[in-house]
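The values are calculated or read from the model by the stated rules, or taken from the named source; none is laboratory data. Just so you know, these numbers come straight off a predicted model, no measurement behind them. Every residue, glycine among them, receives a Cβ derived from its backbone with ideal geometry; neighbour counts consider all protein chains shown.
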Amino acid sequence: MGLLDDIKNKALGQFIDVIEWVDETRNVLVWKFNRSDNEIKNGAQLIVRESQAAVFLHEGELGDVFGPGRRELSTNNIPVLTTLKSWKYAFNSPFKADVYFVNTRQFVDQKWGTQNPIMLRDAEFGPLRLRAFGSYAFRVSDPGQFIKTMSGTAPSLLAEDVSGQLRNILVSRFADALGEAKIPALDLAAQYNEMGEFLRSLIQKDFSEYGLELSKFLVENISLPPAVEEALDKRTQMGVVGDLNRYTQFQAANALADAAKNPGTAGSMVGMFAGVDMGKMISGNLGSNAGAAAAAAAPAAPGVASGTPPPLPGSAAEWYAGVDGKQIGPFSATVIQEKLAGGEISRGGLLWKTGMAEWRPAGEIAEFQAFLATLPPPLPQS
């Protein structure tokens, strides 16, 4: 074998005839075509599939960008230098270039969210802290610009490598737009679509600097702090109840009716007592206020200031109960006894208050054992 044949065989072993990328992943943005010494055979075939682009760089300088299709590469259509142009041999001269394949498909279901609450001033509730999250979709719209600004000379680039920077842009622009929009907190849910489309067009300028297109921006939820949501729930309940006096009268009438139907059970007795108290309240509302006026005119007991008396000892709302896997309370000890008598809390129901190391069944708590002893046991199963 002669020297010429040896050089030919070595060269043909290094030169690539077909340049292509079959993407078997779902998260690769950029992939560099690897070969020995970056040499491409003159006349090689370049295959670029749909949702791809091929970017050629020579000595770090951006060259041509090819879209989908099949092309024959030569030094006539790519302005790069050949490393073997001075060799007078029979094989085709190669040329040097870095080839990067860029994935131009849509990258969907990308998540964004606020790590810290957004502070804003609401016209109805005053200062509020809001959290928000959603999703977005993006694609590479300018492969050459993306290579220059985001990828560089890295052999590969994944979607998660750029998602952090994109999320920072989205959250920053979202917080600014939300503060300037001055939309009442209770009306935000009705503006999710409008906000998403407005922010998409607003943020597109930032994405264009990286050669990207923000194709979709969705606001999925804007939430208030748990304490504020709980207060709003109570406010909603009050709105549903309406007139509190009429609601109290209705509840008292139901309690009296239940007690009359079941006078033999302890639970009914508790209901009857509650009904009697409610009956007094009803009669007080329907009758005159003579009793209240007389009480107000009566002299105060020695050592006791006039006005509303303090709460009875031991009536502090300090007990919590576990019912159907949910925590309810706090309740006073008296209310817990009523719930035990009415069957809402069983003897084995879990109770807890400040100072206890763990939840304990009601029947094991000394404070309620004497009371439970006065109640009849559960009826045996038929």
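Does segment 49-68 hold any residues that are modelled with pLDDT of 80 or more and in a loop (DSSP other than H, G, I, E, B), and which are they? Selection gives Arg49, Glu50, Ser51, Gly67, Pro68. Inspect all residues belonging to segment 176-196 and state whether any of them is under 21 Å from the mean Cα position of the chain (by Cα), among the basic types (Lys, Arg), surrounded by fewer than 17 Cβ atoms within 10 Å (Cβ to Cβ) and under 29 Å from Leu224 (Cβ atoms). Checked against the condition, which is being under 21 Å from the mean Cα position of the chain (by Cα), among the basic types (Lys, Arg), surrounded by fewer than 17 Cβ atoms within 10 Å (Cβ to Cβ) and under 29 Å from Leu224 (Cβ atoms), segment 176-196 yields no hits at all. If you check Asn92, Asn42, Asn9, Asn27 for being under 30 Å from Ile169 (Cα atoms) and either at pLDDT 90 or above or not aromatic (Phe, Trp, Tyr) (or both), only one passes: Asn27.
Criterion first (part of a strand (DSSP E or B), buried (at least 18 other Cβ atoms within 10 Å of the Cβ) and modelled with pLDDT of 95 or more) does Phe207 satisfy it? So Phe207 fails the test. Considered as a group, the residues in segment 51-63 that are out of contact with any Ser or Thr (no Cβ under 9 Å at 6 or more places or on another chain) and more than 14 Å from Thr149 (Cα to Cα) include one that is surrounded by the fewest Cβ atoms within 10 Å (Cβ to Cβ), and that residue is Glu59. All conditions but one from (1) among the hydrophobic types (A, V, I, L, M, F, W, C); (2) more than 17 Å from the chain's Cα centre (by Cα); (3) assigned to a helix (DSSP H, G or I) apply to Leu214; the one that does not is (3). Based on what the data block shows, is Thr104 more than 27 Å from Pro226 (Cα to Cα) and surrounded by fewer than 16 Cβ atoms within 10 Å (Cβ to Cβ)? It is false that Thr104 is more than 27 Å from Pro226 (Cα to Cα) and surrounded by fewer than 16 Cβ atoms within 10 Å (Cβ to Cβ). Number of residues in segment 107-149 that are loosely packed, with under 15 Cβ neighbours inside 10 Å and under 30 Å from Ile47 (Cβ atoms): the value is 3. Of the set (1) touching a residue at least 24 places away in the same chain (Cβ under 8 Å); (2) among the small types (Gly, Ala, Ser); (3) not in a loop (DSSP other than H, G, I, E, B), all apply to Gly164 but (1).
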